[in-house]
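The structure appears right after this line, and notes come after that.
FYI, it's all coordinate maths here, none of it is from the lab. If you're wondering where the values come from, they're calculated on a predicted model, not measured in any experiment. Neighbour counts are summed over all protein chains in view; Cβ atoms, including those assigned to glycine, are modelled from backbone coordinates with ideal geometry.
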Amino acid sequence: MEDKQQKVRTSVMRPFGPTILKAEMPDFVVNDMIDLTDKILETPDYPSYGSKLIGQISSEPEITKSQLESIGMIEIFDSLVKNYVTQLIPQVISKSTGTLGGQSDPTVEVSLKGCWAISQYENEYNPVHSHGSCQISCIMYLKVPEFTPRNIEGKNNDIDGCIEFIHGGSADHNHFIRPTVRIKPTVGDFYVFPNTLLHTVYPFLGDGERRSISCNYLHKVIDSETGVQVLGDSVNANNGRS
Ligand SMILES: [Fe+2]
């Protein structure tokens, strides 16, 4: 009986819903981004991105494209977003798997729409939100402090300082469906996800700084044979807002 069971191959398929790409950045990338954001945060009256953001966080400086270019970072970010889009094209453009048909080998263009740092301290938080006027969003963690335990009797707290993504309605425990995924921030981790994917960041206790950067991207998917754009950025998505 045991032998027979061992010959049964299983695999789990989870083809529905939004996809999150995770990359682990090497130390030199993390250090360059920490240096850049240190300099920006030390600049008096740095341009803030905060008026465009819902975060209950006081330090959210803008990071410009030229600042990212100056440390060679834009190529790295661009390639991760391009990788994400390219991997997912067969979900929608493919004769075998996609709903649009086609050959799934089009050209992909990506462009940065906006980038900012989030320097989060004790009791600050980010309410549930999505990102506007783009198609792809990214998060990268630069600093994660020790969180002071809340010491609430009978409770384990692995939630403080986490990000939680939310998609797909109610929990359905009997069918093992959970509409959220909670992720602990780890320095160097970089996530790419659809801009429409709701997410929230929980507050924490303690003296340290939790620092991340976010960026928004546009993409264009172009049919290689006809030159016609088939997915991605439209006029409405690129109307000057961030
Ligand atoms: Fe966000």
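Restricting things to alpha carbons, find the Rg to Rh ratio for the chain using the Kirkwood radius for Rh.
Working: Rg = 20.3 Å, Rh = 19.9 Å.
Radius of gyration relative to Kirkwood radius: 1.02.
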_With an 8 Å Cα cut-off and a minimum separation of 6 or more residues, compute the relative contact order for the chain in percent._
27
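If each residue's Cβ is checked for other Cβ atoms within 10 Å, how do S11, S224 rank with the fewest at the top? Kindly include the intermediate steps, with their values, before the conclusion.
Working: S11 4, S224 10.
Listed from fewest to most nearby Cβ atoms, that is S11, S224.
Among T196, T86, rank each residue by its count of other Cβ atoms within 10 Å, from fewest to most, as a rough exposure measure. Provide the component values of the computation, followed by the final result.
Numbers: T196 13, T86 17.
Lowest to highest Cβ neighbour count: T196, T86.
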*Just in segment 116-189: which GluC sites (Glu not before Pro) are loop by DSSP and have at most 16 other Cβ atoms within 10 Å?*
E122, E146, E153
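Sum -39500 (n - 2.57) across every DSSP H segment of at least 4 residues in the chain, then divide by the residue count to get the 222 nm mean residue ellipticity, nearest 500.
Working: 4 runs with 47 residues, N = 242.
Computed mean residue ellipticity for the chain: -6000 deg cm²/dmol.
Take the alpha carbon gyration tensor of segment 35-156, find the square roots of its eigenvalues, order them as a ≥ b ≥ c, and report rounded if a/c is under 1.5; if not, report prolate when a/b exceeds b/c, else oblate. Intermediate values should be presented prior to the final figure.
On the way: a/c = 2.53, a/b = 1.52, b/c = 1.67.
It is oblate, given that a/c is not under 1.5 and a/b is not larger than b/c.
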*Listed residues L100, L205, L41, most fluctuating in the chain (Gaussian network, C-alpha, under 10 Å)*: L100
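Please give the net charge around Y46, taking every other residue with its beta carbon less than 12 angstrom from that of Y46, where Lys and Arg add +1 and Asp and Glu add -1. Please list the in-between numbers first.
Numbers: positive: K39; negative: D38, E42, D45, E60, E62.
Taking every other residue near Y46 into account, the sum is -4.
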*10 Å Cβ shell holding at most 15 others, DSSP loop, chymotrypsin sites (Phe, Trp or Tyr not before Pro): longest site-free stretch of the chain*: 17-175
*Theoretical FRET efficiency, 1/(1+(r/R0)^6), r = Cβ-Cβ of D158 and D105, R0 51 Å, to 0.05*: 0.75
*Considering only Cα-Cα distances, which of the following residue pairs are longer than 21 Å: K65/K220; K113/K220; K39/K65; K52/K220?*
K52/K220
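If a/c stays under 1.5 just call it rounded; otherwise compare a/b with b/c (prolate if a/b is bigger, oblate if not). Do that for segment 10-56, with a ≥ b ≥ c from the square roots of the Cα gyration tensor eigenvalues. Numbers along the way, then the final one.
Working: a/c = 6.29, a/b = 1.80, b/c = 3.49.
Since a/c reaches 1.5 but b/c is at least a/b, the shape of segment 10-56 is classed as oblate.
Under 15 Å from the Cβ of V110, count the other residues' Cβ atoms, weight Lys and Arg +1, Asp and Glu -1, and hand me the total. Numbers along the way, then the final one.
On the way: positive: K65, K82, K113, K220; negative: E69, E75, D78, E109, D233.
Computed value for this residue: -1.
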*asked:* Once you order the gyration tensor axes a ≥ b ≥ c over the Cα atoms, which shape class does segment 104-170 get: rounded for a/c under 1.5, otherwise prolate or oblate by comparing a/b with b/c?
replied: prolate
*With each pseudo-label sitting 7 Å past Cα toward Cβ, what's the H173-S11 distance in nm, one decimal?*
3.2
*asked:* What FRET efficiency comes out for E42 versus H129 if R0 is 30 angstrom and r is the Cβ-Cβ distance? Round to the nearest 0.05.
replied: 0.60
*Exposed trypsin sites (Lys or Arg not before Pro) absent: longest stretch of the chain, with sites in DSSP loops and at most 10 other Cβ within 10 Å deemed exposed*: 10-154
_Rounded Å value of the spacing that divides the Cα centres of segment 1-58 and segment 111-160_ = 11
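Give the order of V228, V187, V29 when sorted by the count of other beta carbons within 10 angstrom, beginning with the fewest. Write out the running numbers ahead of the final one.
Working: V228 9, V187 16, V29 19.
Final ranking by Cβ density, sparse to dense: V228, V187, V29.
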